[in-house]
Every structure is written in C-alpha cells, then in structure tokens.
There are 2 protein chains.
Amino acid sequence: MDLKKRVLQTIKKFSLISPGDTVLCAVSGGPDSVALLFILNEISKEEIPISLYIAHFNHMLREESDEEENFVKEIGNSLNIPVFTERKNLKEITGGKNIEAIARRERYKFLYKIAQKIEANKIATGHTASDLAETVIFNLTKGSGIKGLRGFLPKREKIIRPLFETTKEEVENYLKERKIPYRIDFSNFSMKFSRNLIRIKVIPELKKINPSLEKTILRETATLREAEDFIKEEVKKILSRANIRSDKAEISLSIIKAVHPFILKETINEMFFKISGEYLNRTKLKAIEHLIKKDESGEIDLKKGFKGRKDQNSFSIEKEQFSPENKVKIKVTSETEKIETPSGTFIFNAKNPHFEIPEEIIKKGVFIKNREGGEWLQFPYGRKKLKKFFIEKKVPVKLRDFLPIVVTADNEVIWIPELFKKTYIKENQNIIGVRFESGIKNFDN
Amino acid sequence: MDLKKRVLQTIKKFSLISPGDTVLCAVSGGPDSVALLFILNEISKEEIPISLYIAHFNHMLREESDEEENFVKEIGNSLNIPVFTERKNLKEITGGKNIEAIARRERYKFLYKIAQKIEANKIATGHTASDLAETVIFNLTKGSGIKGLRGFLPKREKIIRPLFETTKEEVENYLKERKIPYRIDFSNFSMKFSRNLIRIKVIPELKKINPSLEKTILRETATLREAEDFIKEEVKKILSRANIRSDKAEISLSIIKAVHPFILKETINEMFFKISGEYLNRTKLKAIEHLIKKDESGEIDLKKGFKGRKDQNSFSIEKEQFSPENKVKIKVTSETEKIETPSGTFIFNAKNPHFEIPEEIIKKGVFIKNREGGEWLQFPYGRKKLKKFFIEKKVPVKLRDFLPIVVTADNEVIWIPELFKKTYIKENQNIIGVRFESGIKNFDN
C-alpha cells in the first residue's frame, strides 16, 4: 500500500488531524521528518485541508548544522510552506554535558513557542515505529515500568506522530521512489549515545530473530497502552476516595487495604506525586505496603520533607512543616569532605573535574545549606536570583526549601546537587553531589 | 554477601523450599545447575533440612553429552546424592527440527516423571536472572504481551528457581572461588539459536548502557508480575458472572459492556480459552470488541468450529455442533493444488522437500478431510491409530474432529498440517499445510 494511505490510516486510527487544523511540522532535515512533511503536504491538498508550517531548530552541534537549516528553508520555499527557525549554541550552554537530553528539551520548548505564536493546535514530529522499538528497548534496559515499556504515544498534548506505524525502511523507500532529497544526521551514526548503540548494534541482531521487529513491538505497545489506561482508571477510582490537600494526602485504611497490592502501591505513588511532584521508588513503596498491612500504627520517612503516617483509621502522606530549626547550614572546611545532612550524605570535592572551586573561596567559607533567601547565581550574561532560577527550571515550590545548595560566603550559589546529579552519576566520574535518594524527576527530559 | 545467603533470601522471599521437602535438582553439568546443586546441598545441611536428589537428562545431541552425564554422576557420588539419568536420542526422534523446544519438553517430562517416582514435591532448576533477562528480550522480540514480558516465574507448580535473583557472573565467581568444576555447554556458543544470539550479541551491548541490566530487568518483571496478577483477578471477577459450559460461554452485555476495553478483551479471551483450549489473536479480539459495542446484533467467525454471537442481551462463544454435513472430504487430483476448505486455504504440494508423496499414491487418491474414524499412521515401529496419536500429542478432544488431515485411499494419515505447520513456516520453505489461522498453542513448548 502507498505510504500516504498508510499514514492516513494512522491519522484516522488515533484521530491525529482534523480538517481545519493548523499543523506545525518539526523538520530536522533527516529522512523521517522530510518524508513526514511531504506526506502531510500531499494530505493537506488532497484529503484533509489543514494549514501547514515548518519549524527547524538549529542546535549548532555539528558542522553540518547550518547546511541543514538552509536545506529545510529551501524545502519550505519549494513547497511554499512558511519555515520558522531558531539557532541556539547548545555546546556553549551545556558545556557538552547531557547534551542529547538538553537538546531535546530545548527543541520542544521552541516547538511549543512557535505553535503558540502561529496558533497551531498540532505539532507533528517524525517519530517512526523504528524509533518506538528503540525507545522500548532503551527503557527496558534502563528500567522504567509499564509506562516506559509502552514507549511514546501516537498523540500527547499537541504533539502528534503520523509516522507512528511506519518503519524507517518504509520512509527511506518512499523518499527513494520519489527522489526526495534529505540530509543524513551524522550524529545518528555516533556510538556516543546509548540510543544509537541500540539502533546500530542491538536492533539489527534482534531483526535476525524477527524481521518484523518494529511491527511486533508496535503491537506489544498497543496492549501495554491499553493495560496502562485500565490501571490508571482503577487508581483514579481509589484516588477519588482519598482526601488530598496541598500538604497532606490521606486515605482510609478500609479502602486502601481492600485493593490489590499492585493498585495499593500505584495509588500511594500517585498520592505522593500529588503533594510532592515526584514519584517514590519501588523499595519505598513496598515498605509503605508493609506498614499499611501490618497490625500496628507507624511512621515512615519518605523523601526529604515528607512522611508517611499510619494511624488507626487511615494512612496519610504529610509534608513536614518547614521551620527554621529544620534548616541546615554546614560550613565546609577542607577541599574534600563527606558531610552528613538530614537529607543524606553529601560528598564535597572542590577539585572535581567539572567544577573547580578556587582555594581562596574555600578559605573564605563554602556552605552546604537550605536556601535562606538572597542567594544568586552568576551566568556569563549576568546574575540571576536563585528564586528566578528555580522558577525557570520548574522546580516545584514545595521542594525549593528542601534542596541542599552549595554557596560561597557571598551567597553565590555554586552548586545544586539535586538538579545536576544525573549527569554525574551517568558519567561515573568524580561526583560532587550524590547520595541523595531522589532527584527531580524528568528534569532533564 | 555470600551467594548462599543471597539464595536463601530468594528462597525465603518466594517461599521456594520448606523443611522436610524432597527436592529434585536438575543438573546439566553446566555452571548454573552445578552451583545450584552445591548451594542446595549446603543449605540442606546447615539451614533447611531437605532430601536432595539429582536428575540429568542426556539429550545425546553433542559429542560431549556422555561425558557430561558421567560428570554429573561423579558429582552425585562425591556429594553422596542419588542421581537419576535418562538418555534419549533427540536427533533421531526429531530429525533435527525445532530441536531446542523439543529437548526442553522432553527434559521437563523426564523431571516430572522422576519427581513422581521419588515423591519429590519440588524440582529445582538453575535458571538465573541472566536467563530471565534473555527470556524477556527474546519475548519482546517475538511479541508476547505482558505474560511474555514478565518472563518465567521464580516458582510454578513443582518447579522452583532458587537462582532467580542471581546473575551468571555471580554463579561463575562462586564456582571459581570454591574451585568447583563444571562443564561448559558448547551449544550455548552456537549462533544457531535465537537465545544464544541474544546472550552473546545483544546483552553485552545493552550492558554497556546499563551494567546492572539483569537486576534492572528483574525489578521490571516483579512489577509486571504484580500487574499481571491484578489483571487476572479483575478478569476472574468478571468471568465469575459469565455462564460457562463445555460448548458455550455466555456473558450478559450489561456486564461486559461496563468493563474497560482492556478487561473486555482479556475476559473474552479467557472465555474462548475455556471452551476451546486456545487463545484468540488481537485482531479477532478487537473485532469482537467492536461487535459488542455497536448497536446491532451479529455473528463473528472465530477459529474453526467456534462462533461469537451477540444478541439483544448477551454475547456468547459457541462451539459449532459437529455434524456429518460439516465434514470436509476433498480429493486431491494433481501434485500441486490450492484447495479451499471451510477452515481456510490449503496448499497441497506432493513434492515438497520434507515429505514426498509418490505418484502412484496420488493416482490412487489422496484426500484432505476431517477424520471419519479408522485412520492410522505408519511409524518405523509399526502402525498407530490416529485417535491414539491425538491422545499422545494432547490434541484437545474438541479439536480432533476439526483438524484437517491428509490421508491416502487406504486411510493412512500422511499429513496433519495444523500439528506441524510451525516448523515449516519458520524455515520459510515450501509448505504443504498453511493458511489455517491457528495452530494448537504450545504444542511444541
């Protein structure tokens, strides 16, 4: 079957596009997004009347970046579709750390911004069934529960993925048949990123076992999406019988004890999320399950600032009242030091490879503390208040007072371990802030 | 921590062994099963008093098979544990087809036989967390739903897997430290089997991304097992409100329409299983869901001999009454022929590479038909009645009359496409019996 017809089926199946929609198509210049653009363009003329726009984000990561930007602009001209672009030197901003995740976040931010500007109600991306297979294998490797195993969705908020049921191979055949030019994203061939390792080394081996791997995983994820939806509905039913305020979530024992252990943990996790903006790990959830099921009352420490409490009739998650006495402020006195704080063990290393702290600053005094107000960060373009930085980074209000920060005697923030730890753990180098049990989930995603 | 202590934790966590148990330990001679045996032996003396026996199945597949058998007997002698062995030349029996699956089935048959003989209530196998990771990746590749993604269980019927939470690496370190000898299973290094491809080519790549891959997948499967258990309980609740007889399963529309689409399909699938011994594929299940949800009544063909029927108040799965008029008997008149039967399209090829039918037999007459009674099969050691063959092969009674068979004019059965098709489809060669929508599930497993 013609690829356009197949894409139309996908569009219909998942209700991706309706007549009159304004669709912003994200085009990198690679085969997937170029094919998507051409197909959407045809569809807009022949089947579903939509207004089509192109967005291209220039990460300035590679030599070819500018050429790719020009290439996308040319396609836009030739198809008579307006092109929006933005350039951002991510290497400069990130210092090369965790760059793929940050590039992704910046790209989506850009797409939403343009969509708002042109009043687009849909943002189309070129993700294929081959990308889905990669994502699922990656998430299985990293561990992510049912949500990870079902991969990304064909539709989520404004984002739509019309190539969801199409393989990379089918995309490439389509382009070849019609002699449509595209750019090869050379970063795809780099072994630097886990995703590329899965694409280049793992998937070809698995396709020896099952040549229709992508279609098979597509079917698997459909089942998982439906199972996940069912589980969510069940949790919602139980959650509707809980009492959730901003600083306390409470559920009656008679309700929570009556549900299946799986739903018990899922429900408690959602309750925790509602007041903390984070999820608990499985070990903590099991401990809570144990507390709920045993005969006695009791308390359990959750993440910093949150407690689980079981009394005679109910289980509740409570935000600890933040009071000055709970605040921590510890002076670091040597270049390398292991510091115990109420939130966990903190390893301070002034000479780590990422962030060297000059001796004179240490001498003047470096503190590990909770924020007290008046802290600031130095950026190349000027100072920024810590509060403003927290807002920009979408750090939940409830967490801001609990995050340990490292400041100089002048109240300059030089490190916020919770916000950056992921990178450091991943790279397995000297770490200046670790051992905290939690991070801010999805901060880098 | 000492490996024995860790295994004891696993044993306790999943209630694998209790004092006084009689445990038959399956020992191939490879590292996993040898380590398991030594650990169980220590445990039996120091922590949990059990009676321990060894079983070894000699597949006679490799040159080293006899040496492995002797090796296991020697270990048994040295530890003073009785060893039960059996030899079966599987190459001869199977002709080399699908040999890994058949070897597995024969091995389990043998284990259950010995367990019964010595009144063992547990059969311990050496499956590790590394095997679990392999299984999960294999099942994801082949497509298998939540049940496949959660892999094998730490405990199932008599089978227990005390190394469920132990990696291959940990096993090898244990053996090395104690200088315990073992045999290397060379078939593990062969690329012939998909499983080995995953073990040798895929897992090492994934471990570059996550060095604790096995532990991560172990955690993932724990979540999936619990989710699966919850789903099963929900389905059971709905099923308890259905009316299930041997030839008909019926459920009220008001009940089945009220449940989540995921549970609807799972419930219908269980209803179908209860009267047919088989499961439906997802496409069929979706068609049933559609039928149930639309306004009109209607019928839907399921697998051969089964119908779905929706009337005003209920949905039912019915076994079609088998009557002589429904029987098929079609004479094949040429060497290659495409024959339409009520069960599907049948491609007959007398000169296929697996099974050549001499011209004179074709001339005398070859029939594709349902059994009428009196059919027989010729084996090297003599004739066997078709009925007896069906019983041995565990073909469900309900299916026996529906299976198309190919017989000569003398009523000699020369082919039963449904029973053997898997092999042929897999090898992608000329196929003499295909196009039937279903097989007998798990026949080869």
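Taking the stretch B:256-274 on its own, how many of its residues are basic (Lys, Arg) and either without any contact (Cβ under 8 Å) to a residue 24 or more places away in the chain or assigned to a helix (DSSP H, G or I) (or both)?
If we filter the stretch B:256-274 for residues that are basic (Lys, Arg), which is where we start, we get B:257, B:265, B:274.
Next, only the ones that are either without any contact (Cβ under 8 Å) to a residue 24 or more places away in the chain or assigned to a helix (DSSP H, G or I) (or both) stay: B:265, B:274.
Looking only at that region, the number is 2.
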All-but-one check, residue A:23 against (1) more than 28 Å from the chain's Cα centre (by Cα); (2) within 17 Å of residue A:123 (Cβ to Cβ), failing number (1)
If you scan the stretch B:139-157, which residues turn out to be part of a helix (DSSP H, G or I) and within 8 Å of another protein chain (Cβ to nearest Cβ)?
-> B:140, B:141, B:142, B:145, B:146, B:149
Counting only residues in the stretch B:158-172 that are in contact (Cβ under 8 Å) with a residue 60 or more places away in the chain and assigned to a helix (DSSP H, G or I), the one farthest from residue B:220 (Cα to Cα) is identified as B:172
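Out of B:215, B:201, B:236, report the one residue that is free of Cβ contacts under 8 Å to residues at least 24 places away in the same chain, surrounded by fewer than 20 Cβ atoms within 10 Å (Cβ to Cβ) and over 25 Å from residue B:264 (Cα atoms). Talk me through it step by step, then tell me what you get.
Working: B:215 fails: free of Cβ contacts under 8 Å to residues at least 24 places away in the same chain; B:236 fails: over 25 Å from residue B:264 (Cα atoms).
It is B:201.
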Could you count how many residues in the stretch A:205-217 are assigned to a helix (DSSP H, G or I) and facing chain B (nearest Cβ under 9 Å)?
-> 9
Checked pairs for the stretch A:284-304, first free of Cβ contacts under 8 Å to residues at least 12 places away in the same chain, second of a type in the set (Lys, Arg), C-beta under 8 Å and 6 or more apart or across chains, list as A:299/A:307; A:299/A:309; A:299/A:310; A:301/A:307
Complete set of residues in the stretch A:218-246 that are of a type in the set (Gly, Ala, Ser), more than 7 Å from chain B (Cβ to nearest Cβ) and part of a helix (DSSP H, G or I) = A:222
Output for the stretch B:4-20, where each listed residue is within 26 Å of the chain's Cα centre (by Cα) and buried (at least 18 other Cβ atoms within 10 Å of the Cβ) | B:10, B:11, B:16, B:17
For the stretch A:374-401, name all the residues that are at pLDDT below 85 and small (Gly, Ala, Ser).
-> A:382
Can residue B:184 be described as within 26 Å of residue B:128 (Cα to Cα) and either modelled with pLDDT under 95 or assigned to a loop (DSSP other than H, G, I, E, B) (or both)?
-> yes
Which residues, taken from the stretch B:261-284, are within 11 Å of chain A (Cβ to nearest Cβ) and at pLDDT 95 or above?
-> B:261, B:262, B:263, B:264, B:265, B:266
Hey, does the stretch A:59-76 have a residue that's at pLDDT 95 or above and within 26 Å of the chain's Cα centre (by Cα)?
-> no
Residue hits (the stretch A:43-74; buried (at least 19 other Cβ atoms within 10 Å of the Cβ), within 13 Å of residue A:28 (Cα to Cα), hydrophobic (A, V, I, L, M, F, W, C) and touching a helix residue (DSSP H, G or I) at 6+ places or on another chain (Cβ under 7 Å)) are A:54, A:55, A:57
Please enumerate the residues belonging to the stretch A:123-138 that are away from every other protein chain (no Cβ under 14 Å) and part of a helix (DSSP H, G or I).
-> A:130, A:131
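Can you list the helices (runs of 4 or more DSSP H) lying wholly within the stretch A:32-122 that have 1 or more residues being in contact (Cβ under 8 Å) with a residue 40 or more places away in the chain? Walk me through how you get there before you give the answer.
Details: elements: A:65-79, A:90-94, A:99-117.
By residue number, A:65-79, A:99-117.
The values are calculated or read from the model by the stated rules, or taken from the named source; none is laboratory data. All values reported here derive from a predicted model rather than from experimental measurement. Here the Cβ is made from the backbone with ideal geometry for all residues, glycine too, and neighbour counts use every protein chain on show.
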